[in-house]
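Reading through the structure tokens given below for one structure.
The values are calculated or read from the model by the stated rules, or taken from the named source; none is laboratory data. Computed from a predicted model, the values in this text were never measured in an experiment. A quick note on method: Cβ atoms are made from the backbone with ideal geometry, for glycine too, and the neighbour counts reach across all protein chains shown.
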């Protein structure tokens, strides 16, 4: 990869990587640090990485760095730790964006990341598996479970409107 391609990758992908990490961590400073670290690692490997795979490489690097941070803070939860009643809502809302963010915040970190990669960033199951190091089957299962939890939290469309 050339310096020109590196600079183009910063212009094209830094915002989307930042949004993905910030949405997961809810911390702008740490999200900035992770994006900066990812680009620093890219710069160190600039001669080994071809431009067509830069986006996937950046998301993979940022995702793994984020997971390392979460593990260090012992904030990882599993589906078994989450109570089903946390995902059910009886109240009425009028702001769909607020409801979605509330629902996403209740998901375990691994499901939240996978749902965001699939539904927000538009990655395929195979690409998500490459980014996260999970099998395609594990990705599908976790996304399905996350979507079910989101559906249970949001409830009927009448509640939202």
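Going residue by residue through the range 77-97, is there one that turns out to be surrounded by 14 or more Cβ atoms within 10 Å (Cβ to Cβ), modelled with pLDDT under 90 and within 17 Å of residue 121 (Cα to Cα)?
Within the range 77-97 (the criterion being surrounded by 14 or more Cβ atoms within 10 Å (Cβ to Cβ), modelled with pLDDT under 90 and within 17 Å of residue 121 (Cα to Cα)), the answer is no, since none of the residues qualifies.
If you scan the range 31-67, which residues turn out to be buried (at least 20 other Cβ atoms within 10 Å of the Cβ), within 16 Å of residue 133 (Cβ to Cβ) and in contact (Cβ under 8 Å) with a residue 40 or more places away in the chain?
Scanning the range 31-67 gives 58, 59, 62, 63, 66.
Which members of the range 6-32 meet the condition of being over 16 Å from the mean Cα position of the chain (by Cα) and within 30 Å of residue 102 (Cβ to Cβ)? If you could, list the steps in order and put the result at the bottom.
Step one: list which residues in the range 6-32 are over 16 Å from the mean Cα position of the chain (by Cα), which gives 6-12, 29.
29, the sole residue that qualifies.
Return the only residue of 116, 150, 104 being buried (at least 16 other Cβ atoms within 10 Å of the Cβ), under 15 Å from residue 20 (Cβ atoms) and modelled with pLDDT under 85. Reasoning before the result, please.
Values: 116 fails: modelled with pLDDT under 85; 150 fails: under 15 Å from residue 20 (Cβ atoms).
Of the residues listed, the single one that is buried (at least 16 other Cβ atoms within 10 Å of the Cβ), under 15 Å from residue 20 (Cβ atoms) and modelled with pLDDT under 85 is 104.
Of all residues in the range 16-48, how many are within 24 Å of residue 105 (Cβ to Cβ) and in a loop (DSSP other than H, G, I, E, B)?
Final tally of qualifying residues: 2.
It is to be established whether one or more residues within the range 33-40 are in the same structural domain as residue 55 (by TED's automatic domain parsing) and under 14 Å from the mean Cα position of the chain (by Cα). Before the answer, list the steps.
So the first thing to find is which residues in the range 33-40 are in the same structural domain as residue 55 (by TED's automatic domain parsing), and the list is 33-40.
With the extra rule that they be under 14 Å from the mean Cα position of the chain (by Cα), the set shrinks to 34-35.
Checked the range 33-40: at least one residue is in the same structural domain as residue 55 (by TED's automatic domain parsing) and under 14 Å from the mean Cα position of the chain (by Cα).
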